1. For region 142-197, report the convex hull volume of the alpha-carbon atoms normalised per residue, in Å³, without decimals.
2. In 5 Å bins starting at zero, report the fraction of Cα pairs in region 96-209 per bin as a rounded %.
3. Once you charge only the Cβ atoms, +1 for Lys and Arg and -1 for Asp and Glu, what is the size of the charge dipole of region 215-285 about its Cα centre, to the nearest 20 debye?
4. Please state the charge dipole magnitude for region 55-165, taken about the Cα centre, from unit charges on C-beta atoms (+1 on K and R, -1 on D and E), reported in debye and rounded to the nearest 20.
5. How far is the Cα center of region 237-257 from the Cα center of region 73-90, in Å?
6. Write down Rg/Rh for region 187-255, rounded to two decimals, with Rg from the C-alpha atoms and Rh from the Kirkwood relation over Cα pairs.
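Bear in mind these aren't lab numbers, they're just calculated from the coordinates by the rules spelled out. Computed from a predicted structure; not experimentally measured. Heads up, the Cβs are rebuilt from the backbone with ideal geometry, glycines too, and the neighbour counts pull from every protein chain shown.
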Amino acid sequence: MPARLSTRSPPEMAARAHTFGSYREFARIGFVNILAFRLRYYAGILTYLINVTVYYFIWTAVFAKSPAGASIAGYNLTQILTYVSVGWIIRSFYWNTIDQEMAYEVLEGKIAMELIKPVSVQWMWIARAAGESAFRVLMLTAPFAVVIALLFPVGRPASVAHFALFCLSAAGSFLLMAANNFLIGTCAIPLKSILSLIRAKFWLIELLSGLLVPLSFFPAPLQKISHWLPFEHIAYTPLQIYLGKLSLAESGWALTREFLWVALLLWFGHAWWNRAAQKITIHGG
């Protein structure tokens with residue numbers, strides 16, 4: 001049987017390889033830039049540790065009033081402490097500040113330099129954020145996870161399969177945050193100042209992602225509304241998978257919905273950028 005010939009021409013394949021190499025370089029730049037501020041991430045270990053410690057004492061006090069082994073909203077004490085600990089561990093990975101950096105570049109006029117680069121501006125920012133997250137995995141997430149595991153009763157994942165799906169969901173959390181932050185950052189073009197918008201987004205995601213409190217604790221109407229929003233897939237979905245609250249089949253469906261939201265937000269961000277960039281006004285620079 002004759003070998004199947006590639007339908008892509010050598011110039012097209014070379015162009016694709018060049019584009020991929022460009023994004024890899026943006027990721028490297030993001031990694032190196034964060035390396036210059038690594039002290040901030042060492043301090044971040046302490047900050048995240050304080051957050052987990054505060055929640056540890058809060059939930060311990062809440063369950064102290066309940067009979068031993070009792071559960072609240074489907075969580076016993078060990079599960080809720082694991083939920084909090086693992087939730088803050090993955091937050092140190094998926095969090096990024098694309099919106100803040102874009103807002104700064106718009107105000108300073110530096111966004112003009114991004115417009116002349118022959119790459120997707122959206123994927124350029126995501127690649128930078130990926131480089132930063134790679135640094136945080138090494139310098140923040142990993143050491144923080146070790147410290148948390150030594151200090152607090154963090155449970156193991158429900159199974160090896162659940163842990164694999166959890167890692168995939170955490171990667172989706174990064175993409176959701178990146179896509180959402182790019183949308184917010186693009187708003188800096190028509191609005192010029194988006195500080196209040198960034199703050200509103202911060203608290204909305206902290207609450208509706210399920211990081212501060214599991215969504216199971218919310219009133220039923222709010223749970224139904226949250227189910228139709230993308231935010232629960234940032235923290236709540238991966239943590240439910242980790243704890244085994246979702247079966248493997250349910251985990252697969254949750255991941256499908258998560259990555260559908262990723263695709264939708266990336267598409268909407270691309271369309272929003274193309275529209276906003278047509279009316280951009282450059283100041284300074």
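1. Values: hull volume 7.1 nm³, N = 56.
In region 142-197, the Cα convex hull volume per residue is 127 Å³.
2. Pairs per bin, as whole percents: 2, 10, 16, 18, 19, 14, 10, 6, 4, 2, 0.
3. Working: 5 positive and 3 negative charges, 47 e Å.
Rounded to the nearest 20 debye, it is 220 debye.
4. Working: 7 positive and 6 negative charges, 87 e Å.
Dipole of region 55-165, to the nearest 20 debye: 420 debye.
5. Here the answer is 15 Å between Cα centres.
6. Details: Rg = 14.6 Å, Rh = 13.4 Å.
My calculation puts Rg/Rh at 1.09.
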